[in-house]
Amino acid sequence: MAKRNDKKDNRRGKPADSELKEKLVNLNRVAKVTKGGRTFSFAAIVVVGDGKGMVGHGLGKARDVSESIAKAVDDAKKNLIKVPIYKGTIPHEQLGKYGAGKVFIKPAADGTGVIAGGAMRAVLEICGVQNVLAKSQGSSNPHNVVKATVDALSKLRSPMDMAKARNISMDKLFNG
C-alpha cells in the first residue's frame, strides 16, 4: 500500500484535512408540514480553507444540526479552489456574480484589514486574505453572496501569470 503524505494529498495537490479550517456562514431551520405536524430540518452553509489561498464552500442538509454541518464540510472539501494572494491582498479588482448576488473585491494597502460584510468576510478570512475592500450588491442571501465571492476569487489571476502571458518582466508589469 502506498504511503500517504500528511501535509498534502499526493493525487491532487490539495491540503490534507487536518490543515483545513472551517467556518459556519449560515444555519437555516426549515419546516415541512405533514399531517402529523411540522418536521424540522437544517440547512448549513460552510466555507473551508487553509489560510494560504485555498477556499471552498459547501451546503449540507439534515434533520440534525451537527450532521448538516458535517455534510456541508464534506461538500466544501470537494469544491476547493486556489486563490492567488499577493502581499497579503488580492492582485487586482474583480467582480463576481451568482444569481442576483453581486460582489466587488478590491486590493487594499497593508493594515487595512478585511472590510467586508457577513458571508463575504467569512470567505475572505478563511482564504487567507488579510487586506481587502469588498462590497456586496444585489441579493443579501448568504447562499448567493458566498457563491458570488468564490466566483470573483476564482477569476483572479496572479501577477506572475499576467507577466508571463504578456511576455514582460514583473518589474515592467508593476512600474509600467
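Under 9 Å between Cβ atoms, which residue pairs at least 6 apart in sequence (or on different chains) link something in the stretch 20-37 that is under 26 Å from Glu125 (Cα atoms) with a partner that is of a type in the set (Phe, Trp, Tyr)?
These pairs meet every condition: Leu27/Phe42; Asn28/Phe42; Arg29/Phe40; Arg29/Phe42.
I'm trying to understand the selection: among the residues of the stretch 153-165, which are out of contact with any helix residue (DSSP H, G or I) (no Cβ under 9 Å at 6 or more places or on another chain) and either modelled with pLDDT of 95 or more or in a helix (DSSP H, G or I) (or both)?
Ser154, Asp161, Lys164, Ala165
Being more than 19 Å from the chain's Cα centre (by Cα) and either part of a helix (DSSP H, G or I) or touching a residue at least 60 places away in the same chain (Cβ under 8 Å) (or both) is the requirement here; does Leu173 meet it?
yes
Filter the stretch 86-120 down to the residues that are crowded, with 19+ Cβ neighbours inside 10 Å, of a type in the set (A, V, I, L, M, F, W, C) and either more than 30 Å from Phe174 (Cβ to Cβ) or in the same structural domain as Gly49 (by TED's automatic domain parsing) (or both) and list them by number.
Matches in the stretch 86-120: Ala119 only.
Would you check which residues across the stretch 129-141 are touching a strand residue (DSSP E or B) at 6+ places or on another chain (Cβ under 6 Å) and either modelled with pLDDT of 95 or more or closer than 23 Å to Thr112 by Cβ (or both) and list them?
Listed by number, the residues that qualify are Asn131, Val132, Leu133, Ala134, Lys135, Ser136, Gln137.
For Val123, indicate whether it is at pLDDT 90 or above, touching a Ser or Thr at 6+ places or on another chain (Cβ under 6 Å), crowded, with 20+ Cβ neighbours inside 10 Å and assigned to a helix (DSSP H, G or I).
It is true that Val123 is at pLDDT 90 or above, touching a Ser or Thr at 6+ places or on another chain (Cβ under 6 Å), crowded, with 20+ Cβ neighbours inside 10 Å and assigned to a helix (DSSP H, G or I).
Scan the stretch 70-108 for residues that are farther than 19 Å from Gly51 by Cα, in a loop (DSSP other than H, G, I, E, B) and free of Cβ contacts under 8 Å to residues at least 40 places away in the same chain and report the count.
1
The values are calculated or read from the model by the stated rules, or taken from the named source; none is laboratory data. In this text, all values refer to a predicted model and were calculated from it rather than measured experimentally. Heads up, the Cβs are rebuilt from the backbone with ideal geometry, glycines too, and the neighbour counts pull from every protein chain shown.
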